[in-house]
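Values quoted throughout were computed directly from the atomic coordinates according to the rules given, and no laboratory measurement underlies them. Quick caveat: nothing in here was measured; it's all calculated off a predicted structure. As a convention, Cβ positions derive from the backbone with ideal geometry for all residues, glycine included, and neighbour counts pool all protein chains shown.
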Amino acid sequence: MTPDLTSPTLISHRLGTVTLDPPGPVVAGSMGTWTLTYTVGSYGLDEGATLKLSQRFASDWEIPQFDRPTDLGYSTITTNGAAKLRPYYHAKAHERPWMKCLVIDVYDGSLAPGDTITLTLGDRSQGSPGIRAQTFQESAHEFRLLVDPTNASVVRRLPTSPIFPVVPGEPVELVCIVPTQTVVGEAVEIFVKGQDRWGNPVVVIDPTLTWDGNAISLLHGTALTLTTPGSGYLVAECTVNGQTFTCRSNPITA
């Protein structure tokens with residue numbers, strides 16, 4: 001029977017697999033260390049082979065660097081195989097949207113099936129504070145590992161490329177938003193959220209809402225109804241992890 005050349009299992013067997021530690025989720029804008037371990041597949045890696053760790057061009061993940069061990073973004077790459085590795089960053093090393101790439105060239109030898117390459121992003125062993133993660137949340141961020149095992153200048157994605165969520169951090173402020181205008185007797189929705197230090201929205205539970213204005217108001221949950229003409233604003237208050245946040249909404253007029 002002819003093998004399915006598009007099978008993820010077959011691709012992983014031939015091109016290899018990759019794991020991420022820790023696997024996620026990642027807090028947006030956090031400093032950390034992430035280790036990717038690539039295990040060479042049955043094709044091996046010839047001299048001149050290339051790996052590309054690619055991210056979408058919209059990501060602002062800190063760019064890794066390899067020559068300043070005490071600075072932000074310091075990263076290291078090692079192998080247990082009989083070859084040397086040359087890492088460098090290129091902002092346009094692959095097709096859109098996977099343009100931003102850490103490129104790894106294999107030279108002065110080759111790697112056999114089962115050999116490993118270990119990439120430590122944000123290596124703190126020599127004093128670096130680590131590497132900063134992407135500052136905005138994303139439900140499925142991918143470290144896409146592309147492999148060209150034979151120096152053919154053709155790379156393919158590993159099916160095991162790590163995918164993980166980037167989640168907001170702890171809130172540093174509260175935001176309350178209402179429509180700027182409404183009609184007397186018509187209910188409008190009140191939107192209250194927390195925001196982390198990068199502006200990512202954070203869910204808050206059961207905020208306390210208070211009306212301050214010259215119109216008569218009715219509050220029912222997160223719905224506001226002004227029963228007479230006038231204007232004013234809402235004051236929102238919420239406690240998260242023992243810290244109390246207060247904010248004032250934009251003005252609303254009926």
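For the reader, a short list of remarks on this structure follows.
- 3J(HN,Hα) from dihedral phi, the stretch 100-116, Karplus parametrisation 6.51/-1.76/1.60, rounded to Hz, x for glycine, proline: 6, 9, 8, 9, 10, 9, 9, 8, 6, x, 9, 10, 9, x, x, 5, 10
- Calculated FRET efficiency for the pair Arg86/Ser139, C-beta based, R₀ 30 Å, to 0.05: 0.30
- Gain in span if fully extended, Thr19 to Gln126, counting 0.36 nm per residue against the direct Cα distance: 36.1 nm
- Structural descriptor for the chain: relative contact order 19 percent, calculated from alpha carbon pairs under 8 angstrom and at least 6 residues apart.
- Under the Karplus curve 6.51 cos²θ - 1.76 cosθ + 1.60, θ = phi - 60°, whole-Hz ³J(HN,Hα) for the stretch 24-37, x wherever Gly or Pro sits: x, x, 10, 7, 3, x, 7, 8, x, 10, 10, 10, 9, 10
- Stretchable slack from Thr37 to Val235, in nm (0.36 nm times residue separation minus alpha-carbon distance): 66.3 nm
- Label sites at Ile205 and Ala152, each approximated as a point 7 angstrom past Cα along Cα to Cβ, lie 5.4 nm apart.
- Backbone N under 14 Å from the His220 label point (7 Å along Cα→Cβ), restricted to the stretch 168-192: 185-190
- 15 Å beta-carbon shell around Val240, net charge (K/R +1, D/E -1): -3
- In the chain, lysine pairs with alpha-carbon atoms under 20 angstrom apart (chain gap of 8 or more, or interchain): 4
- Structure remark: mean-square fluctuation, Gaussian network model of the chain, C-alpha springs under 10 Å; the largest value among Thr78, Thr70, Thr210 belongs to Thr210.
- Near-label residues of the stretch 43-78 by backbone N, under 16 Å of a point 7 Å along Cα→Cβ of Arg96: 55-59
- Per residue of the chain, the DSSP helices (runs of n ≥ 4 H) give a summed -39500 (n - 2.57) that works out to -1000 deg cm²/dmol at 222 nm.
- FRET efficiency for the Ile163 to Thr244 pair, using the beta carbon distance and R₀ = 41 Å, is estimated at 0.65.
- For the options Thr160, Thr180, Thr118, a Gaussian network treatment of the chain with springs between C-alpha atoms closer than 10 Å singles out Thr180 as fluctuating the most.
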